[in-house]
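Following: one structure in structure tokens, then a few remarks.
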Amino acid sequence: MSRIVAAIDNSPAARPVLSVALALAPVLGAEVEAVHVADEEGDTAAAVADSMGVPYRVLPGDEPLPAILAHATDDDVTMVVVGARRRLQSSGLGHLAGQIAESLDKPVVVVPPETRPMDRLQRVVIALEATPAKARSLTGVIDVAAGAELDIVVVHV
């Protein structure tokens, strides 16, 4: 079975990230795994994952980007869900979320910290670069979203 990696930090912002990952899981037929990069357990991250019934794993280290990228490149990982550091309407995604999105050749969902818990997705916004290869690579994502009866918005970037 495929996995969605939910990269969480040791704060209450882990809850919206896991909520979105869990809402995506049935659409993709995937399991959710929470990962936290740190040299210690991460009590808040572990408690949030446990309360939501999500398997939790600590990736050792003090640099989140290489640890998350190495973990997310496994063949069975279909998507990464990560929190934005601040509201998306303000000054961007945050450096880690942006670097993950730029570095991975898999879908990355960025979740603002103010996102309310959800049971299911209703709309998907897909950012599309203007290259034929990128457009072709979205065919599978669009097919899955359409099959799950989601509203699809494609944005040319």
Revision key, fill the gap. Ignoring ligands and nucleic acids, M79 exposes an accessible area, probe 1.4 Å, in Å² to the nearest 10, of 20 Å²
**Study point:** Rounded percent of accessible protein surface that carbon and sulfur make up, the range 6-98, 1.4 Å probe
**Key:** 52 percent
Exercise for review: Give me the Debye-computed log₁₀ of I(q)/I(0) at q = 0.17, 0.21, 0.25 Å⁻¹ for the range 10-87, equal point scatterers on Cα only, no solvent, two decimals.
Suggested key: -0.66, -1.02, -1.40
Exercise for review: Please give, to one decimal in nm, the separation of the simple spin-label points placed at R57 and S103, each 7 Å out from Cα toward the Cβ.
Suggested key: 1.7 nm
Point to revise | H156 paired with D39, simple spin-label distance in nm, labels 7 Å along Cα-to-beta-carbon | key: 5.0 nm
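The values are calculated or read from the model by the stated rules, or taken from the named source; none is laboratory data. Not measured: the values here are computed from a predicted model. Positions of Cβ are backbone-derived with ideal geometry, glycine not excepted, and every protein chain shown enters the neighbour counts. What goes into the accessible areas is simple: the full protein's heavy atoms, side chains included, and nothing from ligands, DNA or RNA. Shrake-Rupley method; radii C 1.70, N 1.55, O 1.52, S 1.80 Å.
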